[in-house]
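J.: The structure is given below, and queries will be raised subsequently.
The values are calculated or read from the model by the stated rules, or taken from the named source; none is laboratory data. Keep in mind that this is a model prediction, so the values were computed, not measured. Positions of Cβ are generated from backbone atoms using ideal geometry, with glycine treated the same way; all protein chains shown enter the neighbour counts.
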Amino acid sequence: MSEIDDSAMERRFQRNTYVVIAVALIAGWLWSGWRMALGVMLGGALSLFNKRWLQVSVRAMLSKAVVLQNSRVPPFTASKFVLRYFVIAIVIGAAVWTGEFHPLGIGIGFAAFAGGVMIEAVYQLYSSFRLVKPGGNSTRE
């Protein structure tokens, strides 16, 4: 895959995640009310926050490993992975404790990235089948 393909795939992941959050938000509001919709919104925001923090942490770890030219990563950089989960758990716990956010909605919203990945998988399967002609020959050469 080229860098252009990776960039396009990353944009599709982002778009698909937003679509999953929007659809889940509307469905949650229609079927279960505002508590579910608020839960989906919070879970979706946490999902996007989690993804962004993960990208920044991995980028920092890899850049430091490249600069240092060894496989060791500074301890605080690696601890960002664990800190991320504590922050998310505290936010979810506080939200559920208030009673304003439905726990299932938070879980559905938090899983929005997985939904975006599944949409991308379907797209990739469709693209690969579309490239194969009925005679078994690929349209790529």
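J.: For segment 1-19, what are the residues that are aliphatic (A, V, I, L, M) and either in contact (Cβ under 8 Å) with a residue 60 or more places away in the chain or part of a helix (DSSP H, G or I) (or both)?
T.: Result: I4, A8, M9, V19.
J.: Inside segment 66-92, can you point out the residues that are of a type in the set (G, A, S) and either in a helix (DSSP H, G or I) or at pLDDT 75 or above (or both)?
T.: Once the filter is applied, which keeps residues that are of a type in the set (G, A, S) and either in a helix (DSSP H, G or I) or at pLDDT 75 or above (or both), segment 66-92 yields A78, S79, A89.
J.: Let me ask something additional. Using beta carbons and a limit of 7 Å, which pairs, at least six apart or on different chains, have the first residue in segment 20-36 and over 24 Å from V117 (Cα atoms) and the second one outside any helix (DSSP H, G or I) and of a type in the set (D, E, K, R)?
T.: Close Cβ pairs (under 7 Å, with a partner that is outside any helix (DSSP H, G or I) and of a type in the set (D, E, K, R)) amount to R35/E100.
J.: OK, next. Hey, could you check segment 1-32 for residues that are hydrophobic (A, V, I, L, M, F, W, C) and exposed (fewer than 10 other Cβ atoms within 10 Å of the Cβ) and say which is modelled with the lowest pLDDT?
T.: Top of the filtered list is M1.
J.: Ok, one more. Given the residues V122, V117, which is the only one that is modelled with pLDDT of 90 or more and more than 30 Å from W34 (Cα to Cα)? Walk me through it before giving the result.
T.: Details: V117 fails: more than 30 Å from W34 (Cα to Cα).
After ruling out the rest, the residue left standing is V122.
J.: Give A95, A60 a once-over and let me know the one that is closer than 20 Å to W34 by Cβ, at pLDDT 75 or above and part of a helix (DSSP H, G or I). Even if it seems obvious, please write down each step before you answer.
T.: Values: A60 fails: closer than 20 Å to W34 by Cβ.
So the residue among A95, A60 that is closer than 20 Å to W34 by Cβ, at pLDDT 75 or above and part of a helix (DSSP H, G or I) is A95.
J.: Of everything in segment 98-113, what is part of a helix (DSSP H, G or I) and within 20 Å of the chain's Cα centre (by Cα)? Give them in sequence order.
T.: Filtering segment 98-113 down to residues part of a helix (DSSP H, G or I) leaves 98, 103-110, 112-113.
If the condition is that a residue be part of a helix (DSSP H, G or I) and within 20 Å of the chain's Cα centre (by Cα), then P103, L104, G105, I106, G107, I108, G109, F110, A112, F113 are the ones that fit.
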